[in-house]
Amino acid sequence: MASLLLIDDHPLVEVALEAACIHSPIPVKLHAAATEAEARQLLQQHQFDLIVLDIGLPDSDGLELLRRLRARDPNCPVLIYSAQQSRHTLLSAVSLGAAGYVVKSQSMAQLLSAILAVLGGQQAFPPLPERIELPLTEKEQQIVALLVRGLSNLQIGEQLHISNKTVSTHKKNILEKTGVQSVVELAELWKAQQ
């Protein structure tokens, strides 16, 4: 029997995954934690064959948690199950040692298929798009182009004839839309799109 630890703060994910596991060709025992603290307790009490990790947890940075989980037990694979679809997040998960990445918009059958692949010693990553389209307005694209050149909010505001506060609001929206955490990550994403 394969022992799985699901770390996800949405209770419906646990219910849906448990239902999907009924159709698994191998028996699966599912444990669930809604927070990093709960996960740490379960990790002390049990040995797991696979960890399914949502990187959008309320009490921790999921990618940092991935790094800690891999350092704690390099032999226990971690499969990312996340709503985040950015290329940067996917590449970060790969570089931090994830065994796979499933986007939450995919079906539970696809998650189960990825779980079985990883338990079988394979990796389960979606194909990386060669070129990504950023969901940004024309004004936001202008701001990103200036940000990646190293201009400050004040300099961007002067160049585009908008206020410093408006630039700041656009910047916040850009970071939310792209799913990146910093201007450095945004610059990498922007270069990948060009």
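The values are calculated or read from the model by the stated rules, or taken from the named source; none is laboratory data. None of these values were measured; they are calculated from a predicted model. Here the Cβ is made from the backbone with ideal geometry for all residues, glycine too, and neighbour counts use every protein chain on show. Areas reflect the complete protein model, heavy atoms only, side chains present, ligands, DNA and RNA absent. Shrake-Rupley method; radii C 1.70, N 1.55, O 1.52, S 1.80 Å.
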Could you check Y101 against (1) open to solvent by 60 Å² or more (accessible area, probe 1.4 Å); (2) within 17 Å of the chain's Cα centre (by Cα) and say which number it fails? (1)
Please find, within the stretch 1-43, the residue that is nearest to the chain's Cα centre (by Cα) out of those that are of a type in the set (S, T, N, Q) and at pLDDT below 95. T35
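One line per residue, one yes/no per condition, for (1) surrounded by fewer than 15 Cβ atoms within 10 Å (Cβ to Cβ); (2) in contact with a Lys or Arg (Cβ under 6 Å, 6 or more places away or on another chain); (3) within 22 Å of M1 (Cα to Cα); (4) among the β-branched types (V, I, T):
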residue: L42; (1), (2), (3), (4): no, no, yes, no
residue: D49; (1), (2), (3), (4): no, no, yes, no
residue: V52; (1), (2), (3), (4): no, no, yes, yes
residue: L63; (1), (2), (3), (4): no, no, no, no
residue: P74; (1), (2), (3), (4): yes, no, yes, no
residue: A83; (1), (2), (3), (4): yes, yes, no, no
Assuming R67 fulfils every condition listed in (1) open to solvent by 70 Å² or more (accessible area, probe 1.4 Å); (2) more than 15 Å from the chain's Cα centre (by Cα); (3) within 20 Å of S95 (Cβ to Cβ) apart from one, which condition is it? (2)
What number of residues within the stretch 108-119 are over 21 Å from A33 (Cα atoms) and open to solvent by less than 60 Å² (accessible area, probe 1.4 Å)? 1
